[in-house]
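Visitor: One structure follows; several queries about it will come next.
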Amino acid sequence: MKKILAILAMALVALSAAAQEYRYEVGPALGVSGYLGDISGGNMYKHPGIVGGGVFRYNMNSRIAFKANLLYASLSGNSNDCASKFPDGEHYEFTSHLVDLGAQAEFNFFNYGIGAKYKNYSRLTPYMVVGIGATTSFVNGTHLSVNIPMGVGVKYKLKERINLGFEFTMRKAFGDRIDGLSDLYRIKHGFAKNTDWYSAAMFTVTYEFSKRCTKCHYVE
């Protein structure tokens, strides 16, 4: 009986050590988008939009991950929200659609995963994210700009290969055409001045695949 219990204990240890040994994740994202620009009036969610798409993540280890995203978002704004007035008292409102292709690095505050106790894994962790991307917006023509996403998120491991997440990011677009307006009030925009921002508050569900090699003391 003791031998059987010992074998079962060893099997459980082996299974727990092998848990969370997957390199990649993929899944959908869906949430709310916001606009901060020439006519936002300082409230980015005065006219909320929809953001959705897909994410692909490479887990370097339990603390660091790299992620790619392809997102679609809708943005809108109205000059009535602004304290400042347009030249000649003109009124302006817009609805824009954009595609965001980006790559980010994530830093988990805790060792994220399920596994052996000695690895101090946590099923829940907050994280920081920063990266670079490209935005193609469609309003009064098609406009391409570079963006820098930065923000925070939280992940929860529902099961060994299923992850739930929520992420909030602000994306600074190095261009002034997301809202269809440029050089408003005759102020020339530059690489870092008078440019637009947009936000994405998204829920994600990802599935892990591609098991790591766990032979002996080697982990790929």
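The values are calculated or read from the model by the stated rules, or taken from the named source; none is laboratory data. These figures come from a predicted structure and were not determined experimentally. Here the Cβ is made from the backbone with ideal geometry for all residues, glycine too, and neighbour counts use every protein chain on show. Accessible surface is based on the protein model in full, side chains and every heavy atom, while ligands, DNA and RNA are left aside. Shrake-Rupley method; radii C 1.70, N 1.55, O 1.52, S 1.80 Å.
Visitor: Test Ala65 against the stated conditions and say whether it is of a type in the set (A, V, I, L, M, F, W, C), at pLDDT 95 or above and either crowded, with 17+ Cβ neighbours inside 10 Å or more than 27 Å from Met128 (Cα to Cα) (or both).
Guide: Taking the combined requirement at face value, the residue satisfies it.
Visitor: Among the numbered criteria (1) at pLDDT below 95; (2) over 28 Å from Ile39 (Cβ atoms); (3) of a type outside the set (S, T, N, Q), which one does Gly175 miss?
Guide: In the conditions (1) at pLDDT below 95; (2) over 28 Å from Ile39 (Cβ atoms); (3) of a type outside the set (S, T, N, Q), Gly175 misses (2) alone.
Visitor: Quick one: what pairs do we get from segment 44-57, first residue without any contact (Cβ under 8 Å) to a residue 60 or more places away in the chain, second open to solvent by 30 Å² or more (accessible area, probe 1.4 Å) and among the acidic types (Asp, Glu), C-beta under 9 Å, 6+ apart or different chains?
Guide: Filtered contacts from segment 44-57: Lys46/Asp81; His47/Asp81; His47/Glu93.
Visitor: Any idea which of Asn108, Asn140 is over 11 Å from the mean Cα position of the chain (by Cα), farther than 17 Å from Tyr207 by Cα and open to solvent by 40 Å² or more (accessible area, probe 1.4 Å)? Please lay out each step first, then the result.
Guide: Values: Asn108 fails: open to solvent by 40 Å² or more (accessible area, probe 1.4 Å).
The conditions single out Asn140.
Visitor: Restricting the search to segment 48-62, which residues are more than 16 Å from Val154 (Cα to Cα) and open to solvent by less than 60 Å² (accessible area, probe 1.4 Å)?
Guide: Within segment 48-62, Gly49, Val51, Gly52, Gly53, Gly54 meet the criteria.
Visitor: Could we say that Thr169 is among the β-branched types (Val, Ile, Thr), more than 11 Å from the chain's Cα centre (by Cα) and modelled with pLDDT of 95 or more here?
Guide: When the stated conditions are applied, Thr169 does not pass them.
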